[in-house]
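K.L.:
Below you will find the structure I want to go over with you.
Bear in mind that the values in this text are calculations on the coordinates, not laboratory data. Keep in mind the model is a prediction, meaning the values are calculated, not measured. Note: ideal-geometry Cβ built from the backbone for every residue, glycine included; neighbour counts use all protein chains shown.
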Amino acid sequence: MTTVSITIQQQEPIAAIATPVGIGALAVVRISGRGVFDIAQKVFRKKGNPSFHFAQSKGFRAHFGAVHDSEGLVDEVVALVFRSPNSFTMEDMVELSCHGGPVVVKHILKVLLDEGCRLAEPGEFTRRAFLNGRIDLLQAEAIGEMIHARSESAFRTAVTQMEGALSTRLDAMREELLRSCALLELELDFSEEDVEFQSRTGLQAELQVLQAELSLLIDSYQHGRILKEGVATVIAGRPNAGKSTLLNTLLGEERSIVSHQPGTTRDYIEECFVHNKTMFRLTDTAGLREGEGEIEHEGIRRSYKKISEADLILYLIDISRNEYLDEVPAIDEFLVRYPAARLLVVANKTDLIPESDERLKQLRTATGCDVCGTAAAKGEGVEWLKLLMSNMAEGLHRQQEASVLVTSLRHYEALRNASESINNALELIGENAATELVAFELRSALEFVGEITGKVVNEEILSLIFDRFCIGK
Ligand SMILES: Nc1nc2c(ncn2[C@@H]2O[C@H](COP(=O)(O)OP(=O)(O)OP(=O)(O)O)[C@@H](O)[C@H]2O)c(=O)[nH]1
Ligand SMILES: [Mg+2]
């Protein structure tokens, strides 16, 4: 074990239950901060060693014993000791593993609070890890994303971010910007003498390289967002086509109300499902027609809003209707109106017509789209549909082959701002503008990049990030 010779300013002791509340084999209560060894000492008795003291224990040691309160034994526990700076928060920490009943765990927490700990706020342990420099802001956010990950791919992306791949890239960019900024500042200091510490063509070339790198990261957001939030998939079509039935079949549960009455679904319904490691955020919408009343009108307005935000549109058609080709113009219009989305035509209710293949073929020719036949009510064709959906999602993913991905809107916006500042700087250099102006733009770019990893930080950003954590993390 390497010993790190830094001293951490330890903050007031905090305590929290680190595991989900509920019944389980084990649960963990953790404490961190100034004096936690003394606090743990007051409630813990080590089995077979009455003179044991946490303050004398080495780090990374587990001690078996029991927690007591004024009335006696609370539970048998294993106490894990972490000595500053070698802990998650870099402060002194103790983790008590006890039996996983909600009453036991809360009781242990209460005993620790009674002895001088304060209940931790959401994300406070991770916040301390950040403030003490153990992780940067990006890595702290990645921990949050890892906890909230709902698919394997989202989890993997978060792990890569936690390992610091994006941080390393951004730090390198910052270094370069800092160097250029410093040279320009130096020029300003010597402005009387009219010297140029960095040739403008050299600076231009460097900024262009940075700009290209920024663009790659900015473009990776589309992919990153999909990995994190899922493919925004909207089921659209006329009333009664079977949209709600399809949503239920894909989810494997009766989530949406199905009825033979057209106009059943009014407000949209959103649920996630994972297929082939990809998460789809499915939205069932109100059937599209000239609205019958005020409520349906509003429902249809919301349908269009959801459709406009979709990555993937499943356009459902009741293929058993003889007028099924009537819908071709509507599909053509979708293709024009929503060019950013992928569109898949789903020809539903194939069970009602003996020869659906011919109709599917005609639809394919008339629309130029992929067409998948289903009988959603019976689950027929749905596996094939899932496969097509996965392939389309992969297509969306593959649009960007970046090794490092941007998954957060906060990062995306900061990168876009940085890129804009560099663009401005490039234009100013092109116009032979004053050094002050170029330096100003580079300083802004530097700040925007720094905001991401937390080199430039303010309370608002910190609250935004850590408040979405659970207590105990
Ligand atoms: N035979 C057959 N009937 C289906 C199929 N899918 C849906 N249905 C029936 O079609 C009717 C309408 O289904 P819904 O899922 O409510 O249709 P919807 O598109 O959500 O309709 P709105 O919410 O009104 O827009 C119901 O009676 C379903 O049982 C299918 O694959 N085959
Ligand atoms: Mg419906």
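K.L.:
Under 5 Å between amide H atoms, partner at least 5 residues away or on a different chain: which partners does VAL74 have, H built in plane at 1.01 Å?
P.N.:
Placed amide hydrogens put VAL67, HIS68, ASP69 under 5 Å from VAL74.
K.L.:
Could you check how many percent of all C-alpha pairs in region 191-247 are farther apart than 17 Å?
P.N.:
Values: 1089 of 1596 pairs.
Of all Cα-Cα distances in region 191-247, 68 percent exceed 17 Å.
K.L.:
For the chain, what's the relative contact order in percent, using C-alpha pairs closer than 8 Å and at least 6 residues apart? Write down the numbers at each step before the final one.
P.N.:
Details: 825 pairs, mean separation 75.3, N = 473.
16 percent.
K.L.:
Follow-up question, since we're still on this one. Using the Cα atoms of the chain to build a convex hull, what is its mean projected area in square nanometres?
P.N.:
For the chain, the mean projected area of the Cα convex hull comes to 31.4 nm².
K.L.:
Now for a separate question. Restricting to DSSP H runs of at least four residues, report the calculated mean residue ellipticity at 222 nm for the chain, -39500 (n - 2.57) per run over all residues, nearest 500 deg cm²/dmol.
P.N.:
-15000 deg cm²/dmol
K.L.:
Next question, about the same structure. What angle, in degrees between 0 and 90 and rounded to the nearest 10, separates the Cα long axis of helix 409-430 from the longest principal axis of the Cα atoms of the chain?
P.N.:
90
K.L.:
What do you get for the angle between helix 382-398 and the principal long axis of the chain? Use alpha-carbon atoms, 0 to 90 degrees, nearest ten.
P.N.:
Relative to the chain, helix 382-398 is tipped by roughly 60 degrees.
K.L.:
Exposed loop sites here are GluC sites (Glu not before Pro) in DSSP loop states with at most 16 other C-beta atoms within 10 Å. What is the longest stretch of the chain lacking them? Walk me through the numbers on the way to the answer.
P.N.:
On the way: sites that count: GLU71, GLU196, GLU253, GLU254, GLU290, GLU292, GLU309, GLU323, GLU355, GLU401, GLU431.
With GluC sites (Glu not before Pro) excluded where exposed in loops, the chain gives 72-195 as its longest stretch.
K.L.:
Ranking MET162, MET90 by Cβ neighbours within 10 Å, fewest first, what do you get?
P.N.:
Values: MET162 20, MET90 24.
Listed from fewest to most nearby Cβ atoms, that is MET162, MET90.
K.L.:
How about region 133-188: which trypsin sites (Lys or Arg not before Pro) there lie in a loop by DSSP and see at most 15 other Cβ atoms within 10 Å?
P.N.:
Details: sites: ARG134, ARG150, ARG156, ARG169, ARG174, ARG179; in loops: ARG134, ARG150.
Counting only loop positions with at most 15 other Cβ atoms within 10 Å, the trypsin sites (Lys or Arg not before Pro) in region 133-188 are ARG150.
K.L.:
Rounding to the nearest 10 and keeping the result within 0 to 90°, find how far the Cα-based axis of helix 435-453 lies from the longest principal axis of the chain.
P.N.:
So the inclination is approximately 90 degrees.
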